[in-house]
Amino acid sequence: MDNQVSWKERISYGLGDTASNLVFQMITMYLMFFYTDVYGLNVAAVGTLFLVARVIDAFDSPIIGVIIDRTHTKWGKSRPFFLWLAIPFGIVAVLTFMTPDFGNTGKLVYAYFTYIVLGILYAAINLPLTSLLTSMTSNSQERTVVNSVRMIFGQLGGLIVSIGALPLVAAFGKGNQQQGFLWTMVLFASIAVLLFFTTFANTRERVQMGDKNQVVPFKDGIKALKGNLPWWILLFMNVFFWVGMTSKGQSAVFYLKYNLGREDLVPLVNGLNVILLVGIALMPMLAKRIGKRNTALLGVAIGAASQLIVYVAAVLSSIPILIGAVAIGNIGIGFAAGLMFAMLADTVDYGELRSGIRAQGLLTASSSFGVKFGMGIGGAVAAWVLAIGNYVPNQEQAASGLAAIQFNFVWIPFICFLICALLLLFYKLEFDQKMIGELETQRQSGAASIQA
């Protein structure tokens, strides 16, 4: 069990998250700025767009989860989605950063359409990446290692966007940001398509129920949620975590441009996301010593504390303190972000152990639901706060506008990370060898009864 996933497969699995983040991080970091300062949409309308779009397509995640559970091909249940959806995902990502001049109403309708469709396709190609982990290995520690590789390569995609996006926009656009964003996304989306194909080609699904061709009906999948408190905790934690991350990520460019007058620092500060790799790399060792829950709890606590240091940096107008705070916070966030998918995979096993139903698609759908619902709320609240503060694009901001930007960048993440810490206090699941043995015995009994 410990050695069943080769390094080639681990890396190929991780490259799927690199592909996802080349698009996802462009949305998280720059889409609100793109909509308001580049495409010219009203900031309050953008807030409503983020909320409506994300709420609508957040509910596609359970549907996609059920589809995964009912999918049976020669390639498995999760892998085929990389083959089927890579190209459509890349095309819609490019369309999202196009700027057709349809008039104010037409542009808003276009933004709604492309953003919602992109969100649906993101769920349909990223959710199988999460559910695939439960089928690659049944060993809890091995999942932690494989997931840490995924997170490292996912952060590589985020790092490319953090450091490279705005310089690429400037190089491609030559003063025209609309063209710059478009061709930057063409480049990122093309790379993402190739990487998804690599994930499809080099990964394998090994862990199956007794009858690998058994279809899990939705009503039976729901049984895996009954009494599965760890799953519910992770669902709500995912929501609040991504409210905070989205508000902070989308507000960074505004904060540096308007509050500090240092737009040139955007690639540097966003590039500090590479520090997440330190937390992710240390996470398996730390989780083995103190447990997954305690490692994640430590991570969000560090993230919350770092936001207080960011506020001190704002009061003192200190760039070095700001950079240090962001770096420290990213180490902690690396602990938490690196573990959530591995912890979620454990709740799939826990649900199977309690109910006899392995609904990996439905249960892992909570990750996509949490991300998208959290992004929707985070993006909407951040945009509405800007509107309340009378934010005006590409102009010197009044005191109310600067306060609104600071609230989005500092205090919303602080509040959300604290809520995540409180939720984790109630998370008690740590999969040990005894539980793994019980689950394997249950699976073998199921297989024997089917053969009989």
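Among the aliphatic types (A, V, I, L, M) and open to solvent by less than 50 Å² (accessible area, probe 1.4 Å): does that describe A314? Quick ask: steps written out before the conclusion?
On the way: among the aliphatic types (A, V, I, L, M): yes; open to solvent by less than 50 Å² (accessible area, probe 1.4 Å): yes.
The answer is yes for A314.
Would you check if R79 is open to solvent by 10 Å² or more (accessible area, probe 1.4 Å), outside the structural domain of G379 (by the TED database) and under 27 Å from I280 (Cβ atoms)?
Values: open to solvent by 10 Å² or more (accessible area, probe 1.4 Å): yes; outside the structural domain of G379 (by the TED database): yes; under 27 Å from I280 (Cβ atoms): yes.
It is true that R79 is open to solvent by 10 Å² or more (accessible area, probe 1.4 Å), outside the structural domain of G379 (by the TED database) and under 27 Å from I280 (Cβ atoms).
The conditions of being among the aromatic types (F, W, Y), modelled with pLDDT of 95 or more, out of contact with any Gly (no Cβ under 9 Å at 6 or more places or on another chain) and buried (at least 18 other Cβ atoms within 10 Å of the Cβ) are not met by F172. Restricting to the stretch 96-137, name every residue that is hydroxyl-bearing (S, T, Y) and either open to solvent by less than 10 Å² (accessible area, probe 1.4 Å) or free of Cβ contacts under 8 Å to residues at least 24 places away in the same chain (or both). Matches in the stretch 96-137: T96, T105, Y110, T114, Y115, T130, S131, T134, S135, T137.
Considering only the stretch 73-104, state which residues are closer than 24 Å to L22 by Cα and assigned to a loop (DSSP other than H, G, I, E, B).
Here is the first cut: in the stretch 73-104, the residues closer than 24 Å to L22 by Cα are 78-100.
Correct list: S78, R79, F97, M98, T99, P100.
Taking the criterion of being closer than 20 Å to N390 by Cα and at pLDDT 95 or above, the residues of the stretch 15-36 that qualify are F34, Y35.
Out of all the residues in the stretch 109-135, which are aromatic (F, W, Y) and within 16 Å of S78 (Cα to Cα)?
Pass one, the stretch 109-135, residues aromatic (F, W, Y): 110, 112-113, 115, 122.
If the condition is that a residue be aromatic (F, W, Y) and within 16 Å of S78 (Cα to Cα), then Y122 is the only one that fits.
The values are calculated or read from the model by the stated rules, or taken from the named source; none is laboratory data. Because the structure is predicted, anything quoted here is derived from the model rather than measured. We place every Cβ from the backbone using ideal geometry, glycine too, and count neighbours over all the protein chains shown. Remember, those area values only see protein heavy atoms, side chains included, never the ligands or the DNA or RNA. Shrake-Rupley method; radii C 1.70, N 1.55, O 1.52, S 1.80 Å.
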